[in-house]
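The values are calculated or read from the model by the stated rules, or taken from the named source; none is laboratory data. None of the values given here were measured: they were computed from a predicted structure. No Cβ is skipped: glycine too gets one built from the backbone with ideal geometry, and neighbour counts run over all protein chains shown. All accessible areas refer to the heavy atoms of the entire protein, side chains included, with ligands and DNA or RNA removed. Shrake-Rupley method; radii C 1.70, N 1.55, O 1.52, S 1.80 Å.
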Amino acid sequence: MFAQLPSLKALKSFESAARLQSFKLAAEELSVSQTAISHQIRLLEDQLSMKLFHRQTRAVTLTEQGEYLAQTLRHAFSHIQQGLEHISTSANTLTISTTHAFAAMWLVPRLSQFQQLHPEIDVQIRANDQLIDIEQDVQSDLAIRYGEFKKQENDHLNHHLLFSDRLQCVATPSYWHVLAEQEVWQFLCVKLKNKNLKQLDYEQAISAFLKTRFNFEIKYFEDEMQVYQAALAGQGIAILNEMLIAQSIENEWLSSNMDELSQAMEGLDYYVVMPKRTEDNQAVLLFDAWLKQQSKMKTDNIV
């Protein structure tokens with residue numbers, strides 16, 4: 001398949017000279033003679049039957065074809081480097097991609113449980129609210145995604161549902177205590193930045209629940225963490241995903257109320273996605289089994 005490719009030595013010599021715009025500097029970088037660099041690039045030009053450099057007395061510049069090849073090699077060598085770094089650390093390191101809110105409010109507080117079971121595995125978390133292509137992103141071994149779980153759309157990936165979530169109304173116990181005295185009820189909500197996610201109509205849901213009995217205002221935040229912090233500070237009633245606030249309710253930092261409103265506003269799903277390259281990775285399999293156990297514990301508690 002790759003029999004017609006030029007030698008790696010010639011490609012490395014060309015990439016270095018193209019990036020540094022100098023045969024001399026390329027020779028110093030690769031610890032060879034300037035003559036050797038010139039020879040390798042000449043061999044590459046002969047094999048490709050095209051000129052890659054314009055040669056002047058004291059300088060070299062890329063031809064149009066040379067510029068295209070240089071960009072291609074930079075991307076290729078970078079991808080190879082990432083792959084080498086990944087396989088050199090994958091035996092002991094497990095990198096999880098997930099959202100900022102799920103990482104901070106659910107995963108990190110529970111991660112010590114997994115690490116007590118498997119101290120030999122170094123778990124790294126990459127928090128990003130943008131959807132990644134995990135088959136191409138070699139820096140992530142497993143992703144915990146948030147959104148509507150559509151089985152048919154994910155059939156090409158190794159994936160499974162983790163939690164079917166719903167929203168709850170929570171506030172500090174002291175805020176609930178004085179709520180009846182408030183002229184205006186303050187609600188704290190998130191306006192999702194990811195336009196691919198289902199945007200919930202909080203105003204319509206709250207209006208339908210209160211039925212004009214009380215005036216209310218909605219303060220919007222950019223992410224769930226900001227909503228959560230505002231609720232802890234006693235600023236109002238937060239509408240947050242049940243999974244993210246479970247520990248705060250257990251610790252009685254926040255308490256739930258308005259079950260009718262919570263049940264009427266269904267949340268989205270958390271689901272696990274694994275790329276094909278990690279399907280046999282023992283660290284990934286152990287972490288996925290731990291996640292499934294956590295999911296089963298949640299289901300058993302509900303039942």
For the chain, build the charge dipole from Cβ charges (+1 Lys, Arg; -1 Asp, Glu) around the Cα centre, then report which of Leu162, Phe287, Ile239 sits farthest towards its positive end. Phe287
Measure out, as a whole number of angstrom, how far apart the alpha-carbon centroids of region 206-221 and region 224-244 sit. 16 Å
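By its C-alpha gyration tensor, with a ≥ b ≥ c as the square roots of the eigenvalues, how is region 1-134 shaped: rounded for a/c under 1.5, else prolate for a/b larger than b/c, else oblate? Spell out each step's value before the answer.
Values: a/c = 3.23, a/b = 2.83, b/c = 1.14.
Verdict is prolate for region 1-134.
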What order, most packed first, do the peptides 6-18, 236-248, 128-140, 31-43 have when packing is the mean number of other Cβ atoms within 10 Å of each residue? 236-248, 6-18, 31-43, 128-140
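Based on the mean of other beta carbon atoms within 10 Å per residue, what is the order of 285-297, 99-111, most packed first? All intermediate terms of the calculation are to be shown ahead of the outcome.
Values: 285-297: 15.4, 99-111: 18.5.
Packing order, densest peptide first, comes out as 99-111, 285-297.
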Spatial extent of region 159-205: Rg and Dmax, with the Cα atoms as the point set, Å: 15.1, 48
Which of the listed residues, Ala70, Phe102, His54, is farthest toward the dipole's positive end in region 53-145, when Lys, Arg count +1 and Asp, Glu count -1 at the beta-carbon? His54
A 1.4 Å probe over the protein heavy atoms gives the chain a carbon and sulfur accessible-area percentage of 50 percent
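Scale the Cα Rg of region 94-144 by the rule-of-thumb value 2.2 N^0.38 Å and send over the ratio, two decimals.
Working: Rg = 11.3 Å, N = 51, 2.2 N^0.38 = 9.8 Å.
Ratio of Cα Rg to 2.2 N^0.38 Å: 1.15.
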Unit charges on C-beta of K, R, D, E only; dipole of the chain, Debye: 1120 debye
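What whole-number value in Å² describes the accessible area per residue of the chain for a 1.4 Å probe?
Values: 17410 Å² over 303 residues.
Counting only protein heavy atoms, the per-residue value for the chain is 57 Å².
Pairs to check: Lys191/Lys296; Lys198/Lys219; Lys193/Lys219. Give those whose C-alpha atoms are more than 23 Å from each other in this structure.
Details: Lys191/Lys296 30 Å; Lys198/Lys219 19 Å; Lys193/Lys219 15 Å.
Flagged as over cut-off: Lys191/Lys296.
Mean residue ellipticity at 222 nm from the helices of the chain, using -39,500 (n - 2.57) per DSSP H segment of n ≥ 4 over the full residue count, to the nearest 500 deg cm²/dmol?
Numbers: 11 runs with 132 residues, N = 303.
Roughly -13500 deg cm²/dmol at 222 nm, from the helical runs in the chain.
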Can you give me the long-range amide H partners of Val190? Hydrogens built in the peptide plane at 1.01 Å from N, cutoff under 5 Å, separation of 5 or more residues or another chain. Phe221
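Please report the antiparallel percentage of DSSP beta bridges with both residues in the chain, rounded to the nearest 5.
On the way: 22 of 40 bridges.
The antiparallel fraction comes to roughly 55 percent.
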